[in-house]
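Chemist: Mind looking over this structure? Questions follow.
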Amino acid sequence: MLQQTQVKIVIPYFKAFLLNFPTLKALSLSSETRVLKSWEGLGYYRRARNLLATSKILINEHNSKLPKSLINIKKLPGIGDYTGNALLAFIHDQPTVAIDGNVKRVFSRIINKNENKIDFNKLIETNKKNLFKTNRNSDFAEALMEFGALVCKPKEPECPNCSIKNTCKYFKSNKKFKQTKTLNIKVKNYNIFCYIDKMKSKIALKKKHSLGFLDRFYLPPIRESYDNKKIKNWNFHSNFKNSISNKKLNINLYYKFSLKIPSQHRWFSLKKNSEFIPSFTKKIFKQILKKNI
Ligand code: SF4
């Protein structure tokens, strides 16, 4: 839940999620619709699906226990190196580190070297003996992340009060390295086509898209566009911007009134639906309702 989302926003979702699904078994027996509904508003819905799929696998194939090796844990849906190592440390107390942005920054400052020039797995492997001197591996893995978030902060690290300043090359060096971040942001243009039943304030949505995101979610028909030409038989509604993961979306919204539902579509209310609707689709609703047509 915390991916790209602040703790204070996640807390009410987390509490509600645990009330809805108090045990692994309860989660595994839930419908996807119910799990998605409780995730509504958090975005990155693939995580909710993966969590549900993982709960079923753990119940059915692992006697409700999390595997103890990185290779096996990574076979679970949605679990890569970062989450796998975090789980091995937090749940099984294994000597391992979840390498997130905070941890990378701490290590790169300790050796005073740009993150892009460090092979973190190799660095940890080589320094294993010195790193894992504790028998509280779970606390150590979490402490490293917290240390990066609270002490060795991205801007203005708390060096004078830092307990490892005497071994930190960044602190001691007169030639501190400069961090250069490479952001891989892609700008994409899309045309979205809205069939609208004006009398009933409804919109036609369908599930199948050829997009690389929001796979299997309800959206109006959407196509990547390469120019801003007028589109025959469609009225231009508005342009808006949105961001999904590392994509910046530039969207042209088109509409036409229709009483007949196009094939493979379903009508949804533009105002209120009991069914789960992803935030991206809700933004389209909001955009349509903003301008009287
Ligand atoms: S001395 Fe400063 S830069 Fe070095 S680890 Fe501590 S907070 Fe980070």
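Chemist: Given the residues F171, F217, which is the only one that is crowded, with 17+ Cβ neighbours inside 10 Å, away from the ligand (no atom under 14 Å from the Cβ) and among the aromatic types (F, W, Y)? Don't jump to the end; show me each part of the working.
Modeler: Working: F171 fails: away from the ligand (no atom under 14 Å from the Cβ).
Exactly one of F171, F217 is crowded, with 17+ Cβ neighbours inside 10 Å, away from the ligand (no atom under 14 Å from the Cβ) and among the aromatic types (F, W, Y), namely F217.
Chemist: Looking at K230 and the list (1) in contact with a Phe, Trp or Tyr (Cβ under 9 Å, 6 or more places away or on another chain); (2) surrounded by 14 or more Cβ atoms within 10 Å (Cβ to Cβ), which single condition is not satisfied?
Modeler: (2)
Chemist: Follow-up. Residue pairs, Cβ under 9 Å, 6 or more apart or interchain, first in region 263-284 and at pLDDT below 90, second acidic (D, E) and part of a loop (DSSP other than H, G, I, E, B). List them.
Modeler: F276/E40; I277/E40; P278/E40; S279/E40
Chemist: Scan region 228-251 and tell me whether some residue there is aliphatic (A, V, I, L, M), in contact with a His (Cβ under 6 Å, 6 or more places away or on another chain) and in a strand (DSSP E or B). Before you say what the answer is, go through the steps one by one.
Modeler: Going residue by residue through region 228-251, those that are aliphatic (A, V, I, L, M) are 231, 244, 249, 251.
From what's left, in contact with a His (Cβ under 6 Å, 6 or more places away or on another chain): none.
Within region 228-251, not a single residue is aliphatic (A, V, I, L, M), in contact with a His (Cβ under 6 Å, 6 or more places away or on another chain) and in a strand (DSSP E or B).
Chemist: Additional query: All but one of (1) part of a helix (DSSP H, G or I); (2) closer than 25 Å to A141 by Cβ; (3) at pLDDT below 95 hold for R34; state the number of the condition that does not hold.
Modeler: Exception for R34: condition (2).
Chemist: Return yes or no: is N252 in contact with a helix residue (DSSP H, G or I) (Cβ under 9 Å, 6 or more places away or on another chain), of a type in the set (S, T, N, Q) and surrounded by 13 or more Cβ atoms within 10 Å (Cβ to Cβ)? Walk me through it before giving the result.
Modeler: On the way: in contact with a helix residue (DSSP H, G or I) (Cβ under 9 Å, 6 or more places away or on another chain): no; of a type in the set (S, T, N, Q): yes; surrounded by 13 or more Cβ atoms within 10 Å (Cβ to Cβ): yes.
When the stated conditions are applied, N252 does not pass them.
Chemist: Scan N50, N60 and give me the residue that is outside any loop (DSSP other than H, G, I, E, B), farther than 27 Å from F213 by Cα, without any contact (Cβ under 8 Å) to a residue 60 or more places away in the chain and not acidic (D, E). Give the steps one after another, and end with the answer.
Modeler: Working: N50 fails: farther than 27 Å from F213 by Cα.
The unique qualifying residue is N60.
Chemist: Further question on the same structure: Report, by residue number, each residue of region 93-152 that is within 16 Å of the ligand (Cβ to nearest atom) and of a type in the set (D, E).
Modeler: D100, E115, E146
Chemist: Sticking with this structure for a sec: Find the residue count for region 214-239, including only residues that are more than 14 Å from V187 (Cβ to Cβ) and within 25 Å of the chain's Cα centre (by Cα).
Modeler: So the count comes out to 10.
Chemist: Let me ask you something else. Inspect all residues belonging to region 180-202 and state whether any of them is within 12 Å of the ligand (Cβ to nearest atom) and farther than 30 Å from K291 by Cα.
Modeler: For region 180-202, residues within 12 Å of the ligand (Cβ to nearest atom) and farther than 30 Å from K291 by Cα: absent.
Chemist: List, please: which pairs have Cβ atoms under 7 Å, are six or more places apart or on different chains, and start with a residue in region 9-38 that is over 20 Å from L214 (Cβ atoms) and end with one that is of a type in the set (S, T, N, Q)?
Modeler: A16/S38; F17/S38; N20/S38; F21/S30; L24/S55; L24/S64; L27/S55; S28/S55
The values are calculated or read from the model by the stated rules, or taken from the named source; none is laboratory data. Keep in mind the model is a prediction, meaning the values are calculated, not measured. So basically every Cβ, Gly included, is an ideal-geometry build from the backbone, and we count neighbours across all protein chains shown.
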